[in-house]
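Chemist: Quick one: the structure is below, questions incoming.
The values are calculated or read from the model by the stated rules, or taken from the named source; none is laboratory data. This one's a predicted model, so the numbers in the text were calculated from it and none came from an experiment. Cβ coordinates were reconstructed from backbone atoms using ideal geometry, including for glycine residues, and neighbour counts include every protein chain displayed.
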Amino acid sequence: MTAAVPIPAGHGRQDLLKKFGWTSLASVVQMLAGIASVVVLTRFLSPSDYGLYGIALMSVAVADVLTGGILSSPIEQKAGVSRADLNSAFWANLGLAAACVAVTLPVAGLVTASTGYAGALPVIAAACLLVTLTAAGIVPESLLRRRQQFRLLAKVGMFAALAGLATGIVLAVLGAGVWSLIGLETVRRLILVSSNFALSRWHPDGGLDLQAVRATLPFVSGMLAANALGRVDRLAPQVAATVFFGPEGLGLLSVATRIAEQIQAFVAQPIGAMALPVLSGAAQDKKRFHALMADAWRAISISSFPMLAGFSAIAPILVPMAVGSGFASVGMISAITVLAYLRVVASKVNIAATQAAGKSLSASASIATSVAAHLVLLVILAPFGVMAIALAGLLRGWLTWPFAAWFVKATTGFSLRRQAAILLPPFFASLLMGAGVFAFSSVLQGHLNPVVALIVLIPTGIFLYAGLLWLFDPWVRQAVASPHVQRFFHKASTP
């Protein structure tokens, strides 16, 4: 059949920057909404409420992996997509969701009854409905990403995040407990799904074409392996926290992880959301492909590494102020978890590049190595506390980073030397800045009010990072000395 939607070529870096601007704005709004939900809801919910919600999310993990976009990923990656591809992806996704729910609910009923967590079963049932709802809206969302309509996606994402936040707060104030978290997600996802259908102007108008599904299996299998491994990696610390410390331990880890994820999404989502469709459009032009990879890595490393390291440095002061005394211990746990995302944000480009090059199974091999290291570290460290569980994730990421870099070279041809030249200067500048701010905060804590201390620490970190980056990164020194930048500063300083 003829292609329904080609991948737009874009208009170079200027076009990319506009899309980056919209996705960045959406990330800011969604991060603020996510942080606000934690700050407000932790005043009304207990660690056990978050633990029950975490158990529900763990129960639907398999369904989430299978229906969270795997079958629709070729819509973003393929050069041409037919109506049969779109219809088949929709019905296959929805069918998988229904099958997963049919298996999950009875199994969850048996497990929760035998483990004493019977109260989690209604929450698990609600999580199953959320998975089904998301599965129904994946294809129109992928279609919008394929068209690179990031401005529309950003606007919808912002509105959905704010509406979900308002719903969650109202329910929490009314005493809904864990159901305020379910309500927040239900409203957010309903808005996303309905808007994606309306904006894409697409609806299923045909049935399941098994031939179209089979044609996508080679690519989809690699994506499935990568996503499944990623989900195992995410679930392992949650399972360890539940086994050793019960719902309360899982609740503390969940809150710390939610805070860290909001920060990570803010700094990495703009590039992460665009990476696969943009890189796929340049996959046949190796020089342009490598140039876009370099731009993406440089944007992520220079901007996100210092944000993550800086937040980690001030988290022991900031987080307890934000979440209240019942969750005060998550400050250091959040700090460690955020540091682990230094590796995660760079990996978003790694994985997207290997998938865009049609080598998604290679990405899975790299992730498998990382997951194996994580599991070994969890076995050793988990009995020592929730903070030790977070530390296992940090050590895993940093120890396996060179191995992941080698995989990128093997699959895309982007050299190790060039990767290091882009990523290492911002990495070391960020770590040194974070260490300096953390040390300075230890001195200030005994002498200044926490709010005043933060007012001093944040600009200190900004200026320290700017100096260290200029010192470590030749690309930054060259960029600052370029005629375009010099003219900009000259105009800005001219009355």
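Chemist: For residues that are touching an Asp or Glu at 6+ places or on another chain (Cβ under 9 Å) and at pLDDT 85 or above, scanning just region 33-46, find the one that is surrounded by the fewest Cβ atoms within 10 Å (Cβ to Cβ).
Modeler: Result: Ser46.
Chemist: Determine, yes or no, whether Ser88 is modelled with pLDDT of 85 or more and more than 20 Å from the chain's Cα centre (by Cα).
Modeler: When the stated conditions are applied, Ser88 does not pass them.
Chemist: Looking at this structure, is Leu250 under 30 Å from Val386 (Cα atoms), modelled with pLDDT of 85 or more and part of a helix (DSSP H, G or I)?
Modeler: yes
Chemist: It is to be established whether one or more residues within region 148-157 are at pLDDT 85 or above, within 30 Å of Ser48 (Cα to Cα) and crowded, with 16+ Cβ neighbours inside 10 Å.
Modeler: yes
Chemist: Among the numbered criteria (1) buried (at least 22 other Cβ atoms within 10 Å of the Cβ); (2) at pLDDT 85 or above, which single criterion is violated by Leu377?
Modeler: Result: Leu377 fails condition (1) only.
Chemist: Only one of these is assigned to a helix (DSSP H, G or I), buried (at least 19 other Cβ atoms within 10 Å of the Cβ), touching a Lys or Arg at 6+ places or on another chain (Cβ under 8 Å) and hydrophobic (A, V, I, L, M, F, W, C): Ala108, Ala26. Name it.
Modeler: Exactly one residue qualifies, and that residue is Ala26.
Chemist: Check Phe244 against each of (1) modelled with pLDDT of 85 or more; (2) crowded, with 19+ Cβ neighbours inside 10 Å; (3) more than 13 Å from the chain's Cα centre (by Cα) and name the one condition it does not meet.
Modeler: With (1) modelled with pLDDT of 85 or more; (2) crowded, with 19+ Cβ neighbours inside 10 Å; (3) more than 13 Å from the chain's Cα centre (by Cα) applied to Phe244, the lone miss is (2).
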